[in-house]
Amino acid sequence: NIQILMGGNKADIFNLHSNITREIYGEAGDDQFILLGADMGATIEGGDGSDTLTGFDEATTWNITQENFGSADTGNNGINNVVFKEVENLTGGRQDDIFTFKDVGQLTNGVINGGGESAADSIIDERVGGADWDLTAPGAGTLSHQQGGDTSFSDIEVVQGGSEADTFTFDADF
């Protein structure tokens, strides 16, 4: 069995199917990690570049807890629980996804895409301090937080601020 999978110095694409329970490293380049199967418990490390993790085609809870670090979990008793590090961009699957910023979590100049096929993809900001939500079009905009890190988003149906004062700005064309 392969214990560690490592990409190279260019943009790599990892199509990850069932029964992956190992470490996966993108290394340099703008890497893509696509979760295609079930029974995954992998740790994914993007490395240098602007890396993207595309989630399961199941309802998934994404927790962003540190800079470009967090987890994606389908809530299926630990099955389909992926930890990610050094990943700047997240894309949901076909079912409802909840992207939650916790603690000091941020995606450095990152992008969240809900996946486009569900009706209730959400972004929740649970961090201490206020945030600015710039809603530029239906389902799209930018989240900027006092702790740093601007995150663009698209295909999102629900945005929810935290326990402190947030500002929601709707562009004129909204």
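The values are calculated or read from the model by the stated rules, or taken from the named source; none is laboratory data. As the structure is a computational prediction, the values presented were derived from the model and not from experiment. Positions of Cβ are generated from backbone atoms using ideal geometry, with glycine treated the same way; all protein chains shown enter the neighbour counts. Please note that ligands, DNA and RNA were not included when accessible areas were found on the heavy atoms of the full protein model with its side chains. Shrake-Rupley method; radii C 1.70, N 1.55, O 1.52, S 1.80 Å.
A few remarks follow.
- For Ala11, distant residues with modelled amide H under 5 Å away: Asp30
- With θ taken as phi - 60° and the Karplus curve 6.51 cos²θ - 1.76 cosθ + 1.60 applied, the whole-hertz 3J(HN,Hα) list for the range 85-91 is 9, 6, 10, 8, 10, 10, 10 Hz, x standing for glycine and proline.
- Most mobile of Arg127, Arg22, Arg94 in a GNM of the chain (Cα contacts under 10 Å): Arg22
- Packing, as the average of other Cβ atoms within 10 Å across residues, places the peptides 128-136, 108-116 in the order 108-116, 128-136, highest first.
- Dividing the alpha-carbon radius of gyration of the range 22-110 by the rule-of-thumb value 2.2 N^0.38 Å gives 0.97.
- Solvent-accessible area, 1.4 Å probe, carbon plus sulfur percent, for the range 65-147: 44
- Relative contact order %, the range 77-155, counting alpha carbon pairs below 8 Å whose residues are six or more apart: 30
- Rolling a 1.4 Å probe across the protein heavy atoms gives the range 15-172 an accessible surface of 43 Å² per residue.
- Radius of gyration and maximum dimension Dmax of the range 91-174, Cα, Å: 11.9, 33
- Full extension of the chain between Thr65 and Leu36 yields a length gain of 8.1 nm, computed as 0.36 nm times the residue separation minus the alpha carbon distance.
- Using C-alpha pairs under 8 Å with a sequence gap of at least 6, the mean separation divided by the residue count of the range 21-72 gives a relative contact order of 35 percent.
- Here the range 67-172 is treated with +1 on each Lys and Arg Cβ and -1 on each Asp and Glu Cβ, and its dipole about the Cα centre works out to around 240 debye.
- Stretching the chain fully between Thr43 and Glu157 yields a gain of 38.2 nm (0.36 nm per residue, less the alpha carbon separation).
- Taking only the Cα atoms of the chain, the radius of gyration and Dmax are 15.7, 55 Å.
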